[in-house]
Structures are given as C-alpha cells and as structure tokens.
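These notes are about the structure you will find just below.
The values are calculated or read from the model by the stated rules, or taken from the named source; none is laboratory data. Since this is a predicted model, take the numbers as computed values, not measurements. Here Cβ is always computed from backbone atoms with ideal geometry, including for glycine, and neighbour counts include all displayed protein chains.
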Protein chains: 4
Amino acid sequence: MAKRIGILTGGGDCPGLNGVIRAVVLHAHNSYGWDVVGVRNGFEGLYEEAYVELDPRRVVHLLARGGTMLGSSNRANPFAYPIQLPDGRVEIMDVSARILQNLAKLDLEGLIVVGGDGTMSFGKRFVDLGAKMVGVPKTIDNDLEATDYTVGFQTAVEVVVEAVDRLQTTAESHERILIVEVMGRYAGWIGLTAGVAAGAHVVLIPEIPYDIDRVVDAFHRRHGRGVSYSIVIIAEGATPAGGDHAVAVKGDATRQDRLGGAGERLADAIQARTDYEVRTVVLGHLQRGGTPCAFDRELATRYGVKAVELIAEGQFGHVAALDRNVIVAKTMDKAIKKLKLVDPAGELARAARAVGIELGA
Amino acid sequence: MAKRIGILTGGGDCPGLNGVIRAVVLHAHNSYGWDVVGVRNGFEGLYEEAYVELDPRRVVHLLARGGTMLGSSNRANPFAYPIQLPDGRVEIMDVSARILQNLAKLDLEGLIVVGGDGTMSFGKRFVDLGAKMVGVPKTIDNDLEATDYTVGFQTAVEVVVEAVDRLQTTAESHERILIVEVMGRYAGWIGLTAGVAAGAHVVLIPEIPYDIDRVVDAFHRRHGRGVSYSIVIIAEGATPAGGDHAVAVKGDATRQDRLGGAGERLADAIQARTDYEVRTVVLGHLQRGGTPCAFDRELATRYGVKAVELIAEGQFGHVAALDRNVIVAKTMDKAIKKLKLVDPAGELARAARAVGIELGA
Amino acid sequence: MAKRIGILTGGGDCPGLNGVIRAVVLHAHNSYGWDVVGVRNGFEGLYEEAYVELDPRRVVHLLARGGTMLGSSNRANPFAYPIQLPDGRVEIMDVSARILQNLAKLDLEGLIVVGGDGTMSFGKRFVDLGAKMVGVPKTIDNDLEATDYTVGFQTAVEVVVEAVDRLQTTAESHERILIVEVMGRYAGWIGLTAGVAAGAHVVLIPEIPYDIDRVVDAFHRRHGRGVSYSIVIIAEGATPAGGDHAVAVKGDATRQDRLGGAGERLADAIQARTDYEVRTVVLGHLQRGGTPCAFDRELATRYGVKAVELIAEGQFGHVAALDRNVIVAKTMDKAIKKLKLVDPAGELARAARAVGIELGA
Amino acid sequence: MAKRIGILTGGGDCPGLNGVIRAVVLHAHNSYGWDVVGVRNGFEGLYEEAYVELDPRRVVHLLARGGTMLGSSNRANPFAYPIQLPDGRVEIMDVSARILQNLAKLDLEGLIVVGGDGTMSFGKRFVDLGAKMVGVPKTIDNDLEATDYTVGFQTAVEVVVEAVDRLQTTAESHERILIVEVMGRYAGWIGLTAGVAAGAHVVLIPEIPYDIDRVVDAFHRRHGRGVSYSIVIIAEGATPAGGDHAVAVKGDATRQDRLGGAGERLADAIQARTDYEVRTVVLGHLQRGGTPCAFDRELATRYGVKAVELIAEGQFGHVAALDRNVIVAKTMDKAIKKLKLVDPAGELARAARAVGIELGA
C-alpha cells in the first residue's frame, strides 16, 4: 500500500487554501507516490474521523477557486472542544488524546496543518506530544511574524482597493464622507496597505488609537481646499484613543459581530461633530471569499510544495515561510511567538503619512 | 456667438452618467457646433447659477469613469426646495419661477435632464411651464416604464453578481446562510436579475412579500439534500408578508437608512427559527459607484446622442428610450406614469422559480 | 422509468453555454421530473453515441464557468460529416440517418440544440425529418435575426472593452496607434458595440468596407488637435473598399487564421502611408472564454428554462428568443433565415459617428 | 522661490508609474514645500526642455491610472541620441553635455529617474558626471537585482493569469493546445510566476532553452491520462535548445516584433510533430497597460516617497528598493550590475516542476 500524508485547513477560510491543497496533492502524488488524505473541517475532522481521499483528479480547477474544499469549523480548538452530552448540555473537553489515537490509526507520514496563529499553536502542541505535523501560514490579516506574506492577505487587499475605487466616485459625486470598514481585529495590515494603494484620506487601524479631533480636522482641511469628500478606511479593531466616544457603541455583542461596529461608531462620532454627510460600508466577508489573486495562487502553490518537502525531510514542527521571495522553513515556535503588528513609526506608516493620509494620531 | 445647450444630472449618481455627458458634449460640438453648459448639482445649480463650460477636452477619459462630474444634490425638488433663512431656519419653497428666469438668462436651445422618475417629473412640470427640456432615463433600479433599460442598472447587477461569487465560497466553506442585501426600495429588478445570474437560492423583493416559513423551509430542503449553505439576496425594500417578524426592527430610522435593515431583519428572523449560522452583507453604495460595464457605457453614449437630437428636432418633453435595441423617443409622461415593477407571475420570476430559486411566496 | 430529454452544444464555445445546460437540468428535473442526457461534442456525440447523464449535482457551480462541459467538435455538420475509412482516407458522408436511429434509441421527449446559425440550420433539417428538436441561440457574434441578444455576445463585448481600457494607457504614454483586432467575420456587432463602449477612435467592420485614406485622415485630424495616439478596433472580417491594399496580405491561410490578419493588414497600410508608430493586438480566443458576465448568465438561464418548456409544450422546430426583455418562442426558420448585420445607416452606427468615431466610409 | 525637484519616466510604460509620480508630488509638496517639475518623455524632455509643473491638483485620481502622464520616448539614450540634421539625415550623438546644461538651468535639488536597467544605467552615468539623480526601479520584467519587486511586474502577472483563466475554458471545450505568449525577452519571471499561478501545463522561458520533444511528450502524457487539452505559457524570449526548429521562423524582423514570434514558432513545431489542434494568443501590450493592481499601487507609492527622501538626504546615485517588505536604499551600481534571472534550479522553478509543470528541459 502506498504511503500517505494528510492535510487539514483550520480557522476562517481565505483565498488560496484550495491552491495549497492542490499543490500538496500534486507534489505528493507525482514526486513521492504518496496518497493524500483530506481531513474535513479542521481538527474537528480528526476527532470525528471525517476524511476524504484526494487524488490529482479531485484538484483539477481548484487553484482558482476560493474557500476550502475541506471545509472549516468553529470547533477549532482540540484542547478545549465543545462536546454535546446525552442530556443536551455542552461541555468543553480536551480531546487531544482521541485525536492522537485517530492520527495513529491513519498512519500518516505527516500531517499538513494550514492555518493562522490559532491553528498553528494547536499544531505545535500536537508536535510536542509526538505528532508529525508541519504548517502552512494562512490568514488574511498577514500578522504572522514568521513569514513576509500569508496566503489570502493580498487578495483581501485587492478586494478592498477595488471596492474603494467604486465607492470613490459616489463619494465625490455626492460630496460625502465614505467610511469603509475592513477586516483586522488586532493587526492593521489590510487597512493600511489598502489605504495606501487606494489613495484613502484617513486610515484608522488597531495599532494606532485614533484622536477623533484629528480625523475631523483632516476633513476640514480637505474642505478648506475645496475638496468636499473624503474616503476613510477603518479596521474593525480600530478604537478611539481614550475611548472618548465609546459611549456611541450600542446593542448586543452578537449584532456588533455581525455588522461590524467600528465604522458605525466612527460615523456617529463624525456626525456628532460636523454637518458632513457620512455613509458607511462594511466589506465583511467580501474580503475573504472568491478567486484568489495571482499573488496568492503562486504563494499557495509554493507553500504547498514546501510543506510536502518538510514531511519528506522529517522537519516536523516547522512551517513553510516566505523570506525575501524564497520559501524557507521556520519553526512553528517562531510562527506563533508573537503577532506581527504594524509599527506606527515604521516605513509603511511613514509612507502613508508622507502622501497625506491621516492615521489619527 | 455659438448656440448652446445645457445638461444636468439629478438624483443619486450611478455608473454611466459621465458617459451621457461625454456623448452630449461630443455630438453637440462636432455635429452642430453647439457649446454645452454643465449645470452643477442637478436643479440646485439652476437655482444657484452654478455652471461649468463643457468642451471636448473636458470629457476625455470620462466614459469609463463612474459618478457624475457635474455632481448631484439632496436639494433635488425645485418645487419644494429648502431655503435657509437669515435667522437660520429652513423653509421649503417653490423656486421654479427663479429657475425659469435663470434658464431664460442662459438662452439655451434646450436642456438635457438626466435622472430617474423624480428628476423626470420635475422636468415634465418645467416643460409644461414652457421650458425646453428633454430627458435621459437613469436609475440603477431599472424601474422606468418607458425604456427597456435605464443607465446604471446593468453595472449594479454585475457588481452584485461578482460579490455573490466571492461570498459563495465562504458560505460553502463555513456552511453558513449568507444574506446579501441589495438596492431596490420599490422595484426588485436588481435583486431578481442578480439572483438569477448569481445562482442564489432565495431571492426576496418588494413586489413579493415573503413568508418566512417558506424561506426557512428552503434552507431545510437544501440541508436535507446534504447542502449545508445557502445564498439569499434580499432587496432593501423587501418585507415579510403580514409583518409577522417586523418586531425585530430596532433602532432609529437614520441608523436603518445607513446600514440597511431588510437583511438584518431577515437574519434575526432566521436565527429565531433555526440553528443555522447566518451572516449579512449590505452591498450598499458599491452598487452605484465605479466604472460602468460595457453595456452601460454603450447605452449612455446612445442616450446622450439621442438627447442632443431631440433638442435639434425640437422634441421637448421627450426622453430617449431603449426599445428592442434601438433608441427611440418617448414622452416624459410615459416615462413617469408608473413604476415598472417585477411581475410576480411574469417570465423572469417564473424562470427564477424554474431553476429552484425560492421567492418567498 | 423517468422520461428524459437531451441537450447538445454545437459550434464554437462561448460564455453562457454551461448556464443553459444548468438551467435545463434544474428545470427538467425539478419541475417535470425528467432525466437529462448530455450529448458530447455536438452532433458528433449523436453519431458516436457519446452521452453523459446530467443531474442537479453535476451542474453545481456551473453557472459561472465558461466553455461547455459537453464539449464541442469540428465535425459539426451531420449532413456532410468526415468519416475516416479503413484505408486512412477521409470521406464526407451524410450521417443523418444514423443520427436519427440513435435518437430513436434514446427515446427522448425532445432534444435541445444550443448553437449558432450553423447548428440551428442542421437542427431545422432534423426537425423536417421528424426529430423533436428545439433550439437556444448562441453566438458571440449576435448575428441571429430571431433574437435581440444571443448568449455570449455581451461577455465578448465586456472583454474587448476591458482590454481596450488597458491598451489605451499604453497607446497614450507612447503616442501610438493601437489596433485591436476583434471577432466578427461577417457581422460587426462586437466591434461596433465595443468601439462605442470603449471610446475607440476608429472602428472598422465587415458591413462597411473601409477607405484607408479616411482612416489615415482621422489620425491626422487627431494629431492636428495635439492628440498623438489613437485606438482602432477592427473586426477580423473588415476589408478595405476596392481591395486597394489587399496586396499587403502575405503568408498562407493557416497562419492568417491563427493570428488573424485584418489588423496586421491595416497596420501595414497605415505604415505605408504615415510615420506613426503602430502596434497590433489580436484578442482572439480571449473573447470567447472565461466566466460569463451577469447579463449572459441571466440570459442563459432564461433560455434554458424556455427550451424545456418548448419541449413540454411540443413546440418542436422553435427556438427561445429574447424579445424586448421577455423570452418568447420563434421558429427555427426565422432564426436562420438571414444574418442580422449592422445597418451602416442605423441608429447604432449613427451614434458612433455622432461621438466622433470614424467608421471608414 | 520654493526649491524644486524633478521627475522623469524612462523606457516602456507600465502600471504604477503614475503612482510614483503622485507620491513624489504629494510628499515633496506636503512634507518639504518643494515644487515638482515633470520632465516629458524621459531624457528626451531634458534635451528638448519639455517640462510640466506638477502640483497636488494635477495628481488627483492618478494612482489608479495606468501608463505615465509624463510620456515616454524611443529616444531613450542621451549618450547615443538620434538627431535629425537639416538635410534630413539622422545622426547618433552624445547629448549628455546639453542635458547637464539644461539640468543646471532647472536648478533642481535632485532629479528622480524612474526606469528599468537602461534608464538606470544612463542615470548612473549622469551621477558620475555630477548630476543629482536618484532612481526608482520599474520594469514589468522584474529583472533588477537590487530589489525584490519592480513596479509593474505584479500587474503583468495578474493580467496574464486572468487571460489564462479565460482561455482555459475554451481550450478545454475544444480539446486544444493553447499557447499564450507573454513578455520577457531575457528574464522569465512573468512567464514562470504566471504559469505557476494559472496552473499552466508547460512553461517555457529564456533561461531554460526547451527541448521540443519533452514539450510534446508532456502533451502525450496528458492525452494518455484522458486529458485532451493543454495550456502553454511561453515567454517571447524563449528559444528551443540547439535551435532545432529555428527554421520555422519566417518573415521580416519588424513583423516578428509586432506580433511576437516565439509562440508561433512553437505552434509550428508542435504541429509538425502532432495532430493536436493548436491556437496561439499573443498578450502583448495588454500586460503593460491599464490600472495597476493594489500591490503595484502600494509599491509605487512607497518608492515615490523614498525617492523624495533620498534627495532630502543627498543620497544621489541611489535607488529605492524593496528588501523583505521594507523600502531601503541601494546604489544604482547594484541595481544595474546584472540582470536578475530565473534560476533553473531555484526554489520557484522546483515548485513549478513539483506541481507537474513541464519546463522544457
């Protein structure tokens, strides 16, 4: 019987996951003669033993397709896993031992874990428990220290910029302030990168708590020059400095989660201080779906190939990473040690300020 | 001195307005030797005498650009126009006489009024008062009886379909119900057309008050076949039949206006009845901005050319209209007599049902 | 056993064919409980008895996918069909009797033939021989008299306009004449529609043999106004009036077919008369591939639904057609009687001239 | 009078040049109070003293626009510059002294030279002659050693991948070999990167002379697996090993230059060896025009900002470069020392082979 390896995709989906899966299947099959087991819905599939055989025929046309054919799950943490008891109650349990048993039954040469910092930290714990896992860094937030780019980030940026291009003409025709809320709870890479690329006038990100008066001044300065519209990009995790208008946050958490909130809060704050007409657009899931851009398709393919090689070389506990245009191996430790955040005084933030973008502080 | 004509764009902006302006300027200038006066911000510019000279150099590269270079205004109705008094109060006045005086000063061969049913009805009243106006039908809602297609509609549909393509992969990967709220307060053309083109599973429009139980049944049927995600397109004006879950609407009107409401209301209703995970995306202004699709650029150009010819022929009180792929003249009366709504038993709705789309009733 | 119907796609592929197939399968299955047999590679599959069972699972995600999942064939004409003899020679034979036998074996309620005027005329002959066929009009050329729009045309126009948008900036930066060769051997709909939508400066189509001196004059006039670049769209079937520079055509026919020729010929003629720098781009197959635009996806769906209903109603020998935004039935006779060509004096051509486009005569 | 700096764009245009210009103008104006002189048509404008004043109003909406508002020129080399003599003859002269004089008249704090290796090497020579120049690396070929990415490359890759997505469905429907010829005379970065991202089956680049028999074997292997179509990406500079089918090149050089040739030559070679149907598409200028992708807009902005800072710091003879996601300064020497070529044994080429792409050797 042929040797085999496995692959799972954890956390939220993003463009490029299918490209990783495809590259893993093709390289394993063509170069090593390995079969590939797809684990459904992240670590949940390891617990539930939900698998699908993957061969080259299954991955045709997959490179251009968004999402993940393996599915994802909210039950992402195998060390704190919700189990429904016979009486209907849900208990949080550590199911890692069961997962290790199931892994042993699969008898894999190695398991490729595609995910962000959460998924990767669970992978690391399994490696410490003896599992043969390697990783591929994926998150649209691009906030993993180990790699220059994570799969999915660049597509999110392209989607945001395309949306702002569309919104700009309306903002201008109607002389409005247009607030575009983008993803980024902790890291502002999407917001800042897209803001620079789209020519936004104000960009607010989690790393730089914003002074609402500076933001309003930016609008006034533009109006003073006869320009009566402005584009604001705000990351969902951006907050005002000192929380001075935090009182504007109303409603329950679920609703906030569903519709965002940072953009709406900012809109309320601006309207409390000015007469400008304000509109808010929450891009939400548009940023994480759909066909990946070429950059992410290429990166996904190279990551997938590298992940197979990490298994072939027995480099468990390592992840594929992009280092100055070359894919290299880094340790999972390094990948999850700390979030890569925007440096408010770094080159990108300074470039943004240099072209006149108000960062709110 | 050369003879001259004028043009204004009223109501909300939409893709293709600049294409109309460009065609008017080129045809007037090249074929008739007429100058063209652009009136800023719709009828407001006629009241304020805010004009801009338009010549062929000004319209270079304009065809592909969204929005309207002439601007638009909230003070759209010259027969009920908000005037700020010296004491700060705002009074609603009929300023049509002043506008007719200003028009007389301009001494135009004719004025082209680009707009939806509101703008067109004001134009009709001015024509009845002796003004030399002709019209071009524009609205992303496509709800003007006089014409097969209004400028802007097809671009809105393309934007919605592209967005649904992106959202579908996420809905599928995460096994969610994804609600996409689109424009359409009274007419469901965007929602139904985009729903058919995007392969949505449920489409809810103003013309068909929806039965929430039928909607939920559609999800159950899909799950029963092992398909654990669904795409819903809901027009902003869609309402439940009998208003049975209208109680879910909270918050003040302004907020509703800013973030939509139909989608959120539906999400609440679904979550009150099922365990499915639901997410809502409000496309909002994305639908009315940005570069027009080829269809709208072509249509805009042909409308602009026809409008100039209506003036040349003295056909005031007429609008350019598309009739089976040919541009013809119709009376403004005909254009505004009644809204063109989706026929719940018509061919398009039947086609939607035929491919399995649940229309909610 | 369930009743069943069949479907085949003939002629060149184009965006939207898969949308027709999907709609047919869904409507037949959901509304009538019919099975659907897909015939592979047009009429060839009827001769070879190459079939595939189509059910709703097979058509998931098909709406957005270009091409045809059923394949197409060069052996398109069953009344003059190339058969390879045992000695290797190829003989052209009438295989219609064999096809009628195979059809009888299939025992279909009806067969849906999706194609252009060639495919439709073969369908008509089979109907006259007693076969139960109905049609769906498809051709990127939009040259079928029976319908306002054929499936695939609008996508081709969108692709051309997007390409011209890209090419325009280079033409302008480098002060060049840029010739874009587009499809259209007999009908100039793609060229003229895309030319109007893209703001081209010269558009040359088969219906209007062009005077090279007029074309060159157009460049001179632009240069005289200080504009040192021009965009030319030329249909592959456009020819010079009187054939005065036909001598410029060199090389064998195969090469011409592969790389086009109309654009290159025009480039040679311009360079023989001026010092302007000229570049040619042949868009070729880009125009007929890839994801269909929303317009074609909607149209494909409505056509597919109507085709099933034509079978249900026993209206054999009819095709689905778009008539002022409503899908109706027309006879195949009407569909193939004559090509729908651009009227050089019609409204679209006049609109093109009105905005300054040189049509070459 | 305000101090001022200058900027010129040399060589072929590419997406992102306008973004560099915009960033330079905004940063110079906002941060230093400097005026900016735009030099028209590369070094030609310095010779002809063709300048345009650039201020923030001039660069509005420029970020998303392809090409270069400053124009480009074929008279790119000031050290071997074609001068038309009074008698009509053209003489090649060194006009560097005149250019240095004109530069002295301009009295700039520094001149930003945006270009590829040619433009940069002229800049270096002027710096050696005492001119205050700094550089920004731009070329769609991405073949400058000094930087991870040049402006314009990623957009070219995105355009190629989008085109291949479109062409793939036709190749598949018609069971054809589809050859896509892309840019790259010396470096195969566009071809290889796009090939990996698009899932091409064969990729041929200048760095790896191809063995036609290996290429044909790749098609046979695919057909042997029942897959009857293939996508080939070939760089314009790719050549067969040993030149065994070079005889297939016909026609004069001008024609080759205009329509490419590598793709056609390959098509002839395949058709001489197989019965497969082959089609060739030459993407040509599509790759260097149109709106830049977000990646290039961001990069262009950061490069423009850095270039202004290089002048402020007096770092003449340096270029802005991307080094692991951060913009740094490198010497012009380093930028032009040697072309950055694809390493046939490097990680990217190995990744391509790992997913089954035939590289021809």
Could you tell me whether any residue of segment C:138-156 is more than 25 Å from B:Tyr303 (Cα to Cα), away from every other protein chain (no Cβ under 14 Å) and buried (at least 24 other Cβ atoms within 10 Å of the Cβ)? yes
Picking from C:Val114, C:Val59, which residue would you name as being out of contact with any strand residue (DSSP E or B) (no Cβ under 7 Å at 6 or more places or on another chain) and under 27 Å from C:Gly314 (Cβ atoms)? C:Val59
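Does D:Met93 count as away from every other protein chain (no Cβ under 14 Å), surrounded by 23 or more Cβ atoms within 10 Å (Cβ to Cβ) and not small (Gly, Ala, Ser)? Steps first, answer last, please.
Working: away from every other protein chain (no Cβ under 14 Å): yes; surrounded by 23 or more Cβ atoms within 10 Å (Cβ to Cβ): no; not small (Gly, Ala, Ser): yes.
Answer is no for this residue.
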Yes/no for D:Thr301 being modelled with pLDDT under 95, part of a helix (DSSP H, G or I) and hydroxyl-bearing (Ser, Thr, Tyr): no
Pairs only if they're at least six apart or on different chains, beta carbon under 6 angstrom, first in segment A:158-186 and away from chain B (no Cβ under 11 Å), second of a type in the set (Lys, Arg) and part of a strand (DSSP E or B); list them, first residue then second. none
For the subset of segment D:97-137 comprising residues that are touching an Asp or Glu at 6+ places or on another chain (Cβ under 9 Å) and basic (Lys, Arg), which member is farthest from D:Met1 (Cα to Cα)? D:Lys124
Could you list, ordered by first residue, the pairs with Cβ atoms under 7 Å in which the first is in segment D:12-32 and over 12 Å from D:Arg297 (Cβ atoms) and the second is outside any helix (DSSP H, G or I) and of a type in the set (Lys, Arg), at least 6 apart or interchain? D:Cys14/D:Lys138
Residues satisfying the stated conditions in segment D:18-41, i.e. touching a helix residue (DSSP H, G or I) at 6+ places or on another chain (Cβ under 6 Å) and either farther than 23 Å from A:Ala198 by Cα or not assigned by TED's automatic domain parsing to the domain that holds D:Lys105 (or both): D:Trp34, D:Val39
Conditions first: (1) farther than 30 Å from D:Ile179 by Cβ; (2) within 14 Å of chain D (Cβ to nearest Cβ); (3) in contact (Cβ under 8 Å) with a residue 24 or more places away in the chain. C:Thr280 passes all but one, so which condition is the exception? (1)
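Yes or no: D:Ala269 in contact (Cβ under 8 Å) with a residue 24 or more places away in the chain and in contact with a helix residue (DSSP H, G or I) (Cβ under 9 Å, 6 or more places away or on another chain)? Steps first, answer last, please.
Values: in contact (Cβ under 8 Å) with a residue 24 or more places away in the chain: yes; in contact with a helix residue (DSSP H, G or I) (Cβ under 9 Å, 6 or more places away or on another chain): yes.
Criteria met by D:Ala269.
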Among the numbered criteria (1) in a helix (DSSP H, G or I); (2) farther than 24 Å from B:Leu286 by Cα, which one does B:Val196 miss? (2)
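So which residues in segment D:151-180 are among the charged types (D, E, K, R) and within 24 Å of D:Leu17 (Cα to Cα)?
Keep residues of segment D:151-180 that are among the charged types (D, E, K, R), which gives D:158, D:162, D:165-166, D:172, D:175-176.
Scanning segment D:151-180 gives D:Glu158, D:Glu162.
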Does A:Lys306 meet the test of being more than 14 Å from chain B (Cβ to nearest Cβ), surrounded by fewer than 17 Cβ atoms within 10 Å (Cβ to Cβ) and assigned to a helix (DSSP H, G or I)? no
Does A:His201 satisfy being over 22 Å from the mean Cα position of the chain (by Cα), farther than 13 Å from A:Val281 by Cβ and either at the interface with another protein chain (Cβ under 10 Å from one of its Cβ atoms) or at pLDDT below 95 (or both)? no
Consider A:Asn30 carefully, then state whether it is at pLDDT 90 or above and under 26 Å from the mean Cα position of the chain (by Cα). no
The condition from (1) buried (at least 21 other Cβ atoms within 10 Å of the Cβ); (2) more than 25 Å from the chain's Cα centre (by Cα) that B:Val59 misses is numbered (2)
Would you mind stating whether B:Tyr186 is out of contact with any helix residue (DSSP H, G or I) (no Cβ under 9 Å at 6 or more places or on another chain) and closer than 18 Å to B:Val342 by Cα? yes
Within the bounds of segment B:72-81, is there any residue that is within 14 Å of chain A (Cβ to nearest Cβ), modelled with pLDDT of 95 or more, surrounded by fewer than 22 Cβ atoms within 10 Å (Cβ to Cβ) and closer than 17 Å to B:Val114 by Cα? no
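Go through segment C:4-36 and give me each residue that's of a type in the set (Phe, Trp, Tyr) and either assigned to a loop (DSSP other than H, G, I, E, B) or crowded, with 24+ Cβ neighbours inside 10 Å (or both).
Within segment C:4-36, just C:Trp34 meets the criteria.
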Residue satisfying condition, being out of contact with any Cys (no Cβ under 6 Å at 6 or more places or on another chain), modelled with pLDDT under 95 and part of a helix (DSSP H, G or I), within set C:Asp257, C:Asp296: C:Asp257
So how many residues does segment D:149-181 have that are modelled with pLDDT under 90 and of a type in the set (Asp, Glu)? 2
Residues in segment C:324-337: is at least one at the interface with another protein chain (Cβ under 7 Å from one of its Cβ atoms), polar (S, T, N, Q) and outside any helix (DSSP H, G or I)? yes
Residue check, D:Phe122 against (1) of a type in the set (Phe, Trp, Tyr); (2) in contact (Cβ under 8 Å) with a residue 60 or more places away in the chain; (3) farther than 12 Å from D:Ile336 by Cα, all met but one. Which one? (3)
Number of the exception - B:Leu111 against (1) at pLDDT 95 or above; (2) closer than 13 Å to B:Gly42 by Cα; (3) surrounded by fewer than 21 Cβ atoms within 10 Å (Cβ to Cβ): (3)
Among (1) in contact with a helix residue (DSSP H, G or I) (Cβ under 8 Å, 6 or more places away or on another chain); (2) buried (at least 21 other Cβ atoms within 10 Å of the Cβ), D:Arg98 falls short only on (2)
So if I check each of C:Gly314, C:Gly360, which one is farther than 19 Å from B:Ala197 by Cβ and surrounded by fewer than 19 Cβ atoms within 10 Å (Cβ to Cβ)? C:Gly314
